[in-house]
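The values are calculated or read from the model by the stated rules, or taken from the named source; none is laboratory data. What you see is a predicted model; the values in this text were computed from it and never measured. Positions of Cβ are backbone-derived with ideal geometry, glycine not excepted, and every protein chain shown enters the neighbour counts. These accessible areas exclude ligands, DNA and RNA; they are computed on the full protein's heavy atoms, side chains included. Shrake-Rupley method; radii C 1.70, N 1.55, O 1.52, S 1.80 Å.
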Amino acid sequence: MKEPELKQYFSLYTDCWKFFRKYVEWIGGMDEETFWQKAVDESATLYDKYDKSEFAKQMLAATMAEIDRVYKREGLE
């Protein structure tokens, strides 16, 4: 694997981490509908950024699922 491709993977992992951290910090900071609409919109933007690749789709779906799990654990469902 060449360096540019490795950098794309690194960038996707980093963006998913930042996305996760941002939204788990926002839990309880806004109404549920706004929270999830912002999360879905940002996820779509990231998906587009990575050319709608299958790996980006899977990473973002896993990140959204984990945000949902944390959201429910925090009792805000």
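Summary of computed values
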read-out: Residues of region 16-28 that turn out to be assigned to a helix (DSSP H, G or I) and either of a type in the set (Lys, Arg) or more than 9 Å from the chain's Cα centre (by Cα) (or both), as a count; value: 6
read-out: Single residue of 57, 18 found to be surrounded by 10 or more Cβ atoms within 10 Å (Cβ to Cβ) and in contact with a Phe, Trp or Tyr (Cβ under 7 Å, 6 or more places away or on another chain); value: 57
read-out: Selection from region 42-55 of residues that are more than 10 Å from the chain's Cα centre (by Cα) and not hydroxyl-bearing (Ser, Thr, Tyr); value: 48, 49, 51, 52, 54, 55
read-out: Region 1-22 residues that are more than 17 Å from residue 62 (Cβ to Cβ), paired with ones that are of a type in the set (S, T, N, Q) (beta carbon under 9 Å, 6 or more apart); value: 8/53
read-out: Qualifying positions in region 29-53 - open to solvent by 60 Å² or more (accessible area, probe 1.4 Å) and either more than 22 Å from residue 6 (Cα to Cα) or not in a helix (DSSP H, G or I) (or both); value: 29, 31, 32, 33, 37, 38, 40, 41, 51, 52
read-out: Qualifying positions in region 45-77 - closer than 17 Å to residue 22 by Cβ and either basic (Lys, Arg) or in contact with a Pro (Cβ under 8 Å, 6 or more places away or on another chain) (or both); value: 49, 69
